[in-house]
Amino acid sequence: MGGVWLTAVLMLAFSSAVRSCPPSDLEALLAFKSALRDPDDGVLNSWTGTDCCRRWYGVSCDRNSGSVAEISLRAGPVYSTFEKPFRPQHMSGYISPEICKLSGLSSLIITDWKGISGEIPRCITSLSFLSIIDLSGNRIAGSLPPDMGSLGHLSLLSAADNLIGGEIPVSLTRLSGLMHLDLRNNKISGPIPQKLGRLQMLSRVLLSGNLISGPIPGSLCHIYRLVDLDLSNNHLSGPIPEALGRMAVLATLKLDRNRLSGSIPGTLLGSGISELNLSHNMLEGNIPDTFRGSCYFTLLDLSYNYLKGPLPASISSSSYIGYFDVSHNHLCGPIPITYSTTHPSSFSYNDCLCGKPLKPC
Ligand SMILES: *[C@@H]1O[C@H](CO)[C@@H](O)[C@H](O)[C@H]1NC(C)=O
C-alpha cells in the first residue's frame, strides 16, 4: 500500500515537473517579452506567472521534456482565447537573443506585427531543433545569419516582407530537409547560391522583390518537387534555363521584371506550367512553336520583351489560355481566330499584329 502511495506521489511530482516550465526557459521567455512592446496590451499580457507551458499565449511545450518547443505569435487573426475577441495588429521592439537559450525550440513564428525591428539574433543557429522559422511581415533588418545551414532540421524558412539585406547564405544549400523558402520583398542582393538545387525537398522557392543578381542557376531544374518558383522583381540576367520546362511538377514560374535575355526556351511553352510570367525582361527571338494540347495556362504573360515574328500556329492547340498578354513586343502577323474575342490590349504595342481583336490584316 505504502509502495503504491509512494509511486503515485512520485508520479504526480514527476508529471507536474514535466508539465511546468523549466526555470531557464521561463527566464528566456521573460527576456524575450521585455524586448517587445505590445501597445494594445494584447497577447503578451497572458505571459505571467511561472508556468509558461499553460495559458501563455503562443507558447507550447514538449510533452516529454517539458521545455518550450514552440513560439507562435501571429498578428491579424482574432484571438478568441481571451475574455473578449481581440485583434492585435502591432508590436514593436526586437527579437531578444535570449531566445537562443530555449534549446528545445522547434518552431519560431512571429508574423505580421509590422513594427518588430532589429536583426535576427545570430545565435539562432545554435537552436539545433528548429524546423520552422517564420518571421514574415515585420521590419527586421540586417542579414540572414551566415551559418544558417547548420540548422539541420529546418523545413520552413520564411522572412518575407521585411528589410533584410545582405546575400542569401551559401550555407543554406546544406539544409537538405528544407521544403519552403520564402524571402520575398526584402533587400537581399547577390546571387542565388549556385547549388540551391541540391535541396531536393524544396517545393516552393519565393525570392521575388529583392535585388538578387546573376544568372538563374541551372541546378534549380533538378529539384524534383519544385512546384512554385517566384524570382520576379530582381536583377537576374542571362538566359532562362531550358530544363525549367522539363520539371515534373512545376506549376508556377514567375520571372517577370528581371534582365533575362536570350530566347524563350521551347520547353517552357510545351510544359505543364500553368502560370508563366516572363514580362518585363529582354527576351528576344520568336515565340517558340511548341504549344501542345496538354498545355493549360491560367496565365501566360510575355509582355514587355523584344519578341518578334508571328504568333506561333501551335498556340491554337493549347487546351486553355486564361489571361494572355503579348503586348509591347515586336510581333507581326495575323492573330489566330481563337483569340478574336480576347481584349485588344493583350496584343497592343506590337509591330504589325493584325486581325480581330485588332485591325484587319
Ligand atoms: C506579370 O508580371 C508583371 C510585371 O511584374 C505584372 O505587372 C503583371 O501583372 C503580371 N501578370 C499577371 C497577369 O499577373
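Read the figures in this text as sums done on the coordinates, not as results from a lab. Values in this document were obtained by computation on a predicted structure and should not be read as measured data. Here Cβ is always computed from backbone atoms with ideal geometry, including for glycine, and neighbour counts include all displayed protein chains.
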Would you please classify the overall shape of the range 218-319 from the alpha carbon gyration tensor, given that a ≥ b ≥ c denote the square roots of the eigenvalues, rounded means a/c under 1.5, and beyond that prolate means a/b larger than b/c while oblate covers the rest? oblate
The exposure ranking of 189, 279, fewest beta-carbon neighbours within 10 Å first, is 189, 279
Cysteines without a disulfide-compatible partner in the chain, using Cβ under 4.7 Å as the rule? 221, 295
Could you give the size of the charge dipole of the chain about its Cα centre, using +1 on the Cβ of each K and R and -1 on the Cβ of each D and E, expressed in debye and rounded to the nearest 20? 240
Helix-only estimate, please: 222 nm mean residue ellipticity of the chain, summing -39500 (n - 2.57) across DSSP H runs of length 4 or more and dividing by its residues, to the nearest 500. -3000 deg cm²/dmol
How high is the relative contact order of the chain? Use alpha-carbon pairs under 8 Å, at least six apart in sequence, and give a whole percent. 7
Nearest 5 percent is fine: what portion of the DSSP beta bridges confined to the range 19-334 is antiparallel? 10
Would you look at the GNM of the chain, springs on alpha carbons closer than 10 Å, and say which of 303, 46, 237 moves the most? 46
Taking the Cα centre of each part, how many Å lie between the range 155-179 and the range 26-49? 27
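What ratio of Cα Rg to 2.2 N^0.38 Å holds for the chain? Mind dumping the intermediate values first?
Details: Rg = 26.1 Å, N = 361, 2.2 N^0.38 = 20.6 Å.
That works out to 1.27 for the chain.
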For the range 107-122 and the range 288-358, write down the distance between their C-alpha centroids in whole Å. 44
Using the charge dipole of the chain (Lys, Arg: +1 at Cβ; Asp, Glu: -1 at Cβ; taken about the Cα centre), state which of 296, 178, 31 has its Cα farthest towards the positive end. 296
Computed P(r) (all Cα pairs; the range 131-269; 10 Å bins; percent): 13, 46, 34, 7, 0
